[in-house]
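The values are calculated or read from the model by the stated rules, or taken from the named source; none is laboratory data. Everything quoted here is computed from the prediction, not taken from an experiment. With ideal geometry, Cβ positions are generated from the backbone for all residues, glycine too; neighbour counts draw on all protein chains shown. These accessible areas exclude ligands, DNA and RNA; they are computed on the full protein's heavy atoms, side chains included. Shrake-Rupley method; radii C 1.70, N 1.55, O 1.52, S 1.80 Å.
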Amino acid sequence: MSNFSSEKKSVYMCFSTEYIHTGHIDIIKKAANLGELTVGVLSDEVIASYKRYPLIPFSERKALFENIIGVGRVVEQKTLSYKDILHELKPDIVVHGDDWRTGFQKPVRDEVTGILAEYGGRLVEFPYAVSERFSEIEKGSRKYLGTPDIRRGRLKKLIETKGLVTALEAHSGITGLIAENTKVFKNGKTYQFDAMWVSSLCDSTAKGKPDIELVDMTSRFRTIDDIMEVTTKPIIFDGDTGGLTEHFVYTVKSLERMGVSMVIIEDKTGLKKNSLFGTEVTQTQDSIENFCEKIRAGKNAQKTRDFMICARIESLILERGMDDALKRAFAFSNAGADAIMIHSRKKEPHEIFEFVDKFRAQNSATPIVVVPTSFNTVTEQEFKKRGVNVVIYANQLTRSGFPAMQKTAETILTNHRAKEADQLCMSIKDIINLIPEE
Ligand code: SPV
Ligand code: MG
């Protein structure tokens, strides 16, 4: 139980910041005046999911606070919710800026006041320090996150820290912005996508072309550039078959230089067709030897340690069996593949689960990537529990955007005017606001 009559009260405050400005110093001083101050520092994983990937890791952010006068001790807060830490520390007072009274932090605040009421703790709020200078610093950090060297390595780090990362398809600047900025606040938690997938299917479809490696690399790079210009999240590039090994090495160098984090190449040769056709069209699988050679050549071509080459196995799609899929997975990871993608077009996830179980029995380290377009009932949590590390939502923006546009076009044609279509449309003001000002 808290004891208000004791000499020195215990005070708790939590921070997500990576830099200390005068606003922070000011509130720390005020909190320290109330009693013995414990500062909670949010874990990297929490910051990545609710704000953006932290440029300064937890250990350094912790050290920052440990060296500030007035801070008694620093602890890690592993969730955006204060529930666990409040139950553990039972501080007499929680201090926070008054900015969390509205907006997405409100449920977090409501939970805090509820818990404090249970044991007789108190919430003290000070006016939130708003300054143009402070928001300029944050803007600068975001820009920095989008630079090639900083962006490239983040996928690997996210896989390490979060265990499972999610990627949403993007094929243009605007779809990149949706993948970058869409957030959902639910029960005091924040959810957002970790990365973007530049799909060959959606990139080709946006250009009105079939998904047969017809859209050339220069044009695919142009799409990446459009997305990169307006976003900061890591990019996973659908490299199709990777083409000839002699060409693939140049693709690797270009992608790496641009700041792409991972290229996924599939073990097929000749005229590639989209995998979701399965055996309805003729598709040729590459030999294990050739594909291993392509992976090795790609790994030799890259210059940094953080660029990843993922080998995608088409055995289940082509109905060549589980043994063939596993044999390839082990061979490809031995050849240097940084990750394995297993694909299936079955509605039921059994063969994916069987593959993951059998692969994980012998290899616990190599990340596994899945694209659950067909087996879409499986939740991210379930995938994570089974040992999957990357879930790619490969085509949903294209598949939902296209029918909406088609309906609008039909509505205008039917009515010979645009009035009836207006209710299907975002307002001009909203569409303008969608694009952030520089
Ligand atoms: C893509 O998105 O282009 C892919 C994934 O390669 S799939 O369409 O499922 O084959
Ligand atoms: Mg593709």
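The table that follows gives values for the structure above.
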read-out: Using a Förster distance of 30 Å, the FRET efficiency for residue 33-residue 56 (Cβ separation, nearest 0.05); value: 0.65
read-out: Residue-span extension gain [residue 276 to residue 87] - 0.36 nm each, minus C-alpha spacing; value: 63.1 nm
read-out: Among 335, 421, 63: highest mean-square fluctuation, GNM of the chain, C-alpha pairs under 10 Å; value: 421
read-out: Pair residue 396, residue 135: separation of 7 Å Cα→Cβ label points (nm); value: 3.1 nm
read-out: Which listed pairs, of 51/162; 51/183; 207/273; 157/294; 29/106; 209/253, have C-alpha distances above 20 Å, in listed order; value: 157/294; 29/106; 209/253
read-out: Between the stretch 213-286 and the stretch 328-389, the Cα center-to-center distance that results, in Å; value: 20 Å
read-out: Rounded percent of accessible protein surface that carbon and sulfur make up, the stretch 377-418, 1.4 Å probe; value: 59 percent
read-out: Simple Cβ-charge dipole of the stretch 1-99, Lys/Arg +1 and Asp/Glu -1, about Cα centre, in debye nearest 20; value: 80 debye
read-out: The chain: C-alpha pair distances exceeding 35 Å, %; value: 40 percent
read-out: Dipole magnitude of the chain about its Cα centre (Cβ charges: Lys, Arg +1; Asp, Glu -1), debye to nearest 20; value: 320 debye
read-out: Relative packing of peptides 197-208, 72-83 - highest average C-beta neighbours within 10 Å first; value: 197-208, 72-83
read-out: Angle in degrees between helix 22-34 and the longest Cα principal axis of the chain, rounded to the nearest 10; value: 50 degrees
read-out: HN-Hα J in Hz across the stretch 246-260 - Karplus 6.51, -1.76, 1.60, θ = phi - 60°, x for Gly and Pro; value: 4, 8, 4, 4, 6, 4, 4, 4, 5, 4, 4, 4, 6, x, 5
read-out: Highest-MSF residue in the chain out of 105, 283, 362 [GNM, Cα springs under 10 Å]; value: 362
read-out: Calculated [θ] (222 nm, deg cm²/dmol) that DSSP helices of n ≥ 4 give over the chain, each run adding -39,500 (n - 2.57); value: -13500 deg cm²/dmol
read-out: Spatially proximal lysines relative to residue 30 (Cα-Cα < 17 Å; intrachain offsets below 8 disregarded); value: 8, 9
read-out: Gain in span if fully extended, residue 190 to residue 174, counting 0.36 nm per residue against the direct Cα distance; value: 3.6 nm
read-out: Candidate lysines for bridging to residue 419, where Cα separation is under 27 Å - those fewer than 8 sequence places away on the same chain excluded; value: 407, 429
